[in-house]
Amino acid sequence: MRSLRSGFSLASALTGLATLGALLAGATAPARAADAPLRDLAAAKGKIIGSAVNPAKLTGTYGDIAGREFNSVTPDNAMKWESVEPSRGTFNWAPADQVVAFATAHGQQVRGHTLVWHSQNPGWLANGTWTPAQLSTVLQDHITAEVGRYKGRIAAWDVVNEAFNEDGTYRSSIWSNGLGQDYIANALTWARAADPGAKLYINDYNVEGVNAKSTALYNLVRSLKERGVPIDGVGLQAHLILGQVPSSLQQNIQRFADLGVDVAITELDVRMQLPSTAAKLTQQAADYKAVMDACVAVSRCTGVTVWGFTDSDSWVPDVFDGYGAATPYDESFTPKPAYRALAGSLGGGTTEPPGDGCTAVYSVVNQWNSGFTGQVRISCSGGALSSWRAGWTFGAGQRITQSWNANCTQSGTAVTCSNASYNGTVPDGSSVTFGFNGSWSGSNPVPVVTLS
Ligand code: G2I
């Protein structure tokens, strides 16, 4: 028996459309109905479990999962320079404010990302001609404005992002070229002045294991500490490739911790060559677990943030041709083995009893003026069913008018659909789908489905 949650409303997007083609909305529950959300498991261990989020999507199923499963959120792009200060001195805070408001409403921390970066800078900055003094003022003003705006509401800032090349030399950027390496110390100092309560981090990728780049970062942090520059933590982004978690991850976390700074895994994802297969998803789960295990093992590792929690919202396919499926939830918001691996590493259950490895996804496949076609897909992975019943409550007066591949009845707002004579068996690794037509008016929200 599983409780399948959602609240995704299609109504506004769909009204007036005659055909939706493959437009789907669906939702499923955590790995097991009895499992605690990741954030509860993490909190019990004193750890962060966070996700990058896109403020435009923080409603419906996406918002439900973001609020339920994570105790920290990082705006994926909304706090970047080009987003907040598209013209000099003119600020667009709305998307970033949305993330902060969402976090406040859900009792979450916010990780601010990011203040000083070579990328995603607005044209006026990137293409401007600056003397060092001017550039320094521009940077100080930006940091002071942004950190000051969110003073007291940001737990940690990725102050400086991606300062190094792979060989450990400093990256050539508007900052290092214009200001020399001291831009890092100055940025940290200005951020501290603007919000003394926020933890200040340097964040980078390919610094998860012990290597030339992470050693350069290590040496920088050591020297900043020696100089009394405010630096509280190191962010290891952890954009990883399937099966390639560095074996020295925990050792690397520990060596930073031993410098007297916190360490956070800030952008975890594990990409694979598509299509995903059961074997790849199993490997991916092991990779997620290895990262969380390493963090759990080091007390100064504050936790893990994933860079998007659903495959429908990941940067990977846009950048790595043929790669994807990098996050803990699939594109239909079904938790993947990686989700259960994170839960397991945080002390939650990882195995599913027979039948409990089955999920149901409700979708609206077509909608017109007053009618719609819906479907429910029941999929088993790690479980199986010999008969099934899917039930839900329509929240906006919808009525089932016809069904196929299931026997559906509706009483008031309650719908129950049981298997037909020929599709009660759902073996492990397979799925069945049934469909229905219905009527709607006003809105047609996707209901919560319970499978038994
Ligand atoms: O590239 C992955 C991450 C690496 N570490 C720093 C992170 O800030 C970075 O995040 C990604 C975002 O997830 C992407 O969403 O940063 C990318 C930019 O380097 C973001 O992509 C950009 C697209 O390339 C633009 O076309 C788009 O206008 O997002 C922009 C805003 O949606």
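The values are calculated or read from the model by the stated rules, or taken from the named source; none is laboratory data. Remember, predicted model here, so these are calculated numbers, not experimental data. Note that we place each Cβ from the backbone using ideal geometry, even for glycine, and neighbour counts take in every protein chain shown. For accessibility, only protein heavy atoms count, side chains too; no ligands or nucleic acids. Shrake-Rupley method; radii C 1.70, N 1.55, O 1.52, S 1.80 Å.
The residues on offer are Gly152, Gly168, and the sole one that is open to solvent by less than 30 Å² (accessible area, probe 1.4 Å) and not in a helix (DSSP H, G or I) is Gly168. Hey, could you check segment 287-334 for residues that are under 30 Å from Gln254 (Cβ atoms) and touching an Asp or Glu at 6+ places or on another chain (Cβ under 6 Å) and say which is most open to solvent (accessible area, probe 1.4 Å)? Only one residue fits best here, namely Arg300.
Before we move on, is Tyr218 touching a residue at least 24 places away in the same chain (Cβ under 8 Å), away from the ligand (no atom under 16 Å from the Cβ), of a type in the set (Phe, Trp, Tyr) and out of contact with any Pro (no Cβ under 7 Å at 6 or more places or on another chain)? So Tyr218 fits the description; yes. Comparison of Ala264, Ala286, Ala294, Ala290 shows that the only residue that is within 16 Å of the ligand (Cβ to nearest atom) and either assigned to a loop (DSSP other than H, G, I, E, B) or closer than 21 Å to Phe70 by Cα (or both) is Ala264. Pairs please, first residue from segment 223-234 and within 16 Å of Asn203 (Cβ to Cβ), second anywhere and in a strand (DSSP E or B) and aromatic (Phe, Trp, Tyr), Cβ atoms under 7 Å, 6+ apart in sequence or on different chains. Note: pairs meeting the criteria are Asp232/Tyr201; Gly233/Tyr201; Val234/Tyr201. Screening Val306 with (1) over 17 Å from the mean Cα position of the chain (by Cα); (2) within 16 Å of the ligand (Cβ to nearest atom) gives one miss only, at (1). Working only within segment 77-102, note down all residues that are part of a loop (DSSP other than H, G, I, E, B), surrounded by fewer than 24 Cβ atoms within 10 Å (Cβ to Cβ) and touching a residue at least 60 places away in the same chain (Cβ under 8 Å). The one that is part of a loop (DSSP other than H, G, I, E, B), surrounded by fewer than 24 Cβ atoms within 10 Å (Cβ to Cβ) and touching a residue at least 60 places away in the same chain (Cβ under 8 Å): Glu85.
Taken together, the residues in segment 51-65 that are under 12 Å from the mean Cα position of the chain (by Cα), part of a helix (DSSP H, G or I) and more than 12 Å from the ligand (Cβ to nearest atom) amount to 3. The listed residues are Trp157, Trp130, Trp124, and the only one of them that is under 30 Å from Glu331 (Cα atoms) and in contact (Cβ under 8 Å) with a residue 24 or more places away in the chain turns out to be Trp157. Starting from residues that are over 22 Å from the mean Cα position of the chain (by Cα) and within 13 Å of Ala163 (Cα to Cα), keep the ones in segment 192-214 and report whichever is farthest from the ligand (Cβ to nearest atom). Among those that are over 22 Å from the mean Cα position of the chain (by Cα) and within 13 Å of Ala163 (Cα to Cα), it is Ser214. Once segment 137-170 is narrowed to residues that are among the β-branched types (Val, Ile, Thr) and within 15 Å of the ligand (Cβ to nearest atom), the residue that is nearest to Lys213 (Cα to Cα) is Val160.
Within segment 266-286, restricting attention to residues that are in contact (Cβ under 8 Å) with a residue 40 or more places away in the chain and among the small types (Gly, Ala, Ser), the residue that is least open to solvent (accessible area, probe 1.4 Å) is Ala285.
Mind listing whichever residues of segment 370-395 are more than 12 Å from Ala360 (Cβ to Cβ) and β-branched (Val, Ile, Thr)? Thr373, Thr393, listed by residue number. Among the candidates Ala105, Ala133, the residue that is away from the ligand (no atom under 16 Å from the Cβ), open to solvent by 60 Å² or more (accessible area, probe 1.4 Å) and within 27 Å of Asp35 (Cβ to Cβ) is uniquely Ala105. In this structure, Gly197 does not satisfy being surrounded by 14 or more Cβ atoms within 10 Å (Cβ to Cβ) and touching a Lys or Arg at 6+ places or on another chain (Cβ under 9 Å).
Note on segment 171-186: residues that are aliphatic (A, V, I, L, M) and either within 16 Å of the ligand (Cβ to nearest atom) or without any contact (Cβ under 8 Å) to a residue 24 or more places away in the chain (or both) total 1. So for segment 66-88 (the condition being more than 16 Å from the ligand (Cβ to nearest atom), β-branched (Val, Ile, Thr), out of contact with any Phe, Trp or Tyr (no Cβ under 6 Å at 6 or more places or on another chain) and farther than 20 Å from Ala185 by Cβ), does at least one residue qualify? No: zero hits. Candidates are the residues of segment 112-121 that are assigned to a loop (DSSP other than H, G, I, E, B) and crowded, with 19+ Cβ neighbours inside 10 Å; the one that is nearest to the ligand (Cβ to nearest atom) is Trp117.
Of all residues in segment 297-338, those satisfying the criterion of being among the charged types (D, E, K, R) and part of a loop (DSSP other than H, G, I, E, B) are Arg300, Asp321, Asp330, Glu331, Lys336.
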